[in-house]
1. Taking 0.36 nm per residue of separation and subtracting the Cα-Cα distance, what length does fully extending Arg267 through Ala226 add?
2. Would you please state the base-10 log of I(q)/I(0) at q = 0.13 1/Å for segment 178-331, with intensities from the Debye formula using one equal scatterer on every alpha carbon?
3. Using label points projected 7 Å from each Cα along Cα→Cβ, tell me how many nm separate Asp117 and Ala171, to one decimal.
4. Of the listed peptides 415-426, 377-388, 138-149, 187-198, what is their order by residue-averaged count of other C-beta atoms within 10 Å, with the highest listed first?
5. Below 8 Å, C-alpha to C-alpha, sequence gap of six or more: please give me the relative contact order for the chain in percent.
6. Calculate, in nm to one decimal, what Arg341 and Glu80 gain on full extension: separation in residues at 0.36 nm each, minus their alpha carbon distance.
7. Determine, from the Cβ-Cβ distance of Gln91 and Glu299 and an R0 of 41 Å, the FRET efficiency 1/(1 + (r/R0)^6), rounded to the nearest 0.05.
8. Using r as the Cβ-Cβ distance of Glu407 and Glu164, and R0 as 22 Å, what FRET efficiency do you calculate, to the nearest 0.05?
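Since every read-out is calculated from the coordinates, none of them should be taken as a lab result. In this text, all values refer to a predicted model and were calculated from it rather than measured experimentally. Here the Cβ is made from the backbone with ideal geometry for all residues, glycine too, and neighbour counts use every protein chain on show.
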Amino acid sequence: MMTTASNNLASRRDFLKTSALVGGALAVPAFLPKDLYGQEKKDVLRVGLIGCGGRGSGAASQALNADPNVVLTALGDAFEDQVQRSLQGLQKQHPDKVKVTPEKCFSGLNAYQQVIDSGVDVVLLAAPPGFRPAHLKAAVAAGKHIFCEKPMATDAPGVRSVLESVEVAKAKKLSLVAGFCWRYELARREFYQRIHEGAIGDLRAVYATYYAGPVKPMPAPSERPADMGDLEWQLRNWYNFTWLSGDGYVEQACHSVDKVAWAFKDRPPLKAVAVGGRQTPNHQGNIFDHMFVVYEYPEEARAFVGQRQVGNTYTENSDYLMGAAGFGKIQGWAAPHLKGREEWRYKGPKSDMYQNEHNELFASIRSGKPINDGEWMTHSTLMGIMGRMAAYTGQEITWEQALNSQENLVPAQLDWKMKLDFPPMAMPGVTKFI
């Protein structure tokens with residue numbers, strides 16, 4: 001990303017919109033044996049999308065590009081207007097592969113279950129992250145292969161639920177591919193493989209940046225329609241509420257956190273401390289707009305993740321790795337670079353990591369060799385939540401504390417007419433760890 005001052009709305013979002021349109025130029029994997037679940041043979045794989053926003057629509061487009069014999073048959077979202085907007089866009093991009101009839105367009109709070117029960121083989125989970133644990137549990141219970149967007153939860157009870165679903169998915173031999181897209185980018189794969197093979201010696205420290213413009217700013221209270229209930233208002237502005245998004249650190253900077261986890265071979269950190277707060281007014285939301293988290297690893301290694309989403313500020317999305325025998329650097333979108341026992345810069349082919357996720361998902365289904373990203377994708381999510389806990393409370397939070405936290409952010413029951421209060425903005429030193 002750029003390293004200049006910017007007030008734009010998260011350039012990553014623009015990239016996502018663009019990547020959804022480039023499928024025709026991407027290579028499609030060879031058509032592999034038609035073995036689904038290792039039993040039933042099918043030529044056509046039917047896909048259902050849950051969460052019809054920009055990321056969900058992009059994921060659906062990439063799924064349709066990933067295999068020559070895939071069709072989209074069901075769409076579901078809390079809001080009908082989102083469903084129809086997504087459907088119209090996908091029909092323009094893939095007129096021969098979108099087979100969604102009116103009765104397979106679902107809206108409302110139970111739309112996710114209706115999509116799962118509609119006869120699909122693969123589900124794409126792209127609703128707000130607060131719903132991810134419940135949606136994943138339902139999809140796994142129904143025996144569906146899954147693309148699961150990041151992050152996987154917004155609180156520790158959700159994380160524990162996801163870990164349980166991951167084990168069930170393994171037992172059922174279901175493919176479960178995570179939306180932590182950098183893991184599917186060829187240059188980063190080679191970079192981290194070299195790190196793990198000792199190219200810069202033992203890893204001592206990682207500094208990761210996620211400095212960006214604001215994403216989905218919260219509208220002023222005066223913009224709320226008089227007849228709009230609390231739940232709809234919060235869902236329409238989901239990014240600004242911790243129970244739905246997890247905060248910007250968990251929902252956006254989780255990519256940087258995931259790369260830290262990757263660098264340390266997915267070993268959990270011992271503990272974390274953090275600072276953070278809210279500089280710009282957010283009217284009725286309750287998320288921070290900046291955090292700086294320090295993770296401690298065994299043998300005195302450290303990882304530092306800086307996140308800011310404030311307009312007219314310096315922007316950067318980079319990774320700096322320091323080892324006992326050299327350093328590694330991925331500066332923005334530049335080719336990864338290592339300087340240690342030997343100097344190396346990635347010169348291999350470029351690829352669309354968002355497309356690669358789906359290429360590998362559908363290839364794994366066809367081959368009967370399921371991918372399961374479940375454990376590491378959930379641990380990366382917990383690392384993000386752990387950092388938020390440390391920032392919100394001002395306390396040192398251990399991995400065990402984070403995993404076993406009893407703070408349940410997501411309401412057990414939802415109704416369009418309910419009064420839905422949410423916690424006030426956290427105050428470090430006052431907000432308690434639960």
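1. 9.8 nm
2. The computed values of log10 I(q)/I(0) come out as -0.66.
3. 2.3 nm
4. Peptide ranking by packing, descending: 377-388, 138-149, 187-198, 415-426.
5. Taking the mean separation of contacting Cα pairs over the length of the chain, I get 22 percent.
6. Taking 0.36 nm per residue and subtracting the Cα distance, the gain is 88.3 nm.
7. So, using R0 = 41 Å, E works out to roughly 0.15.
8. About 0.75, to the nearest 0.05.
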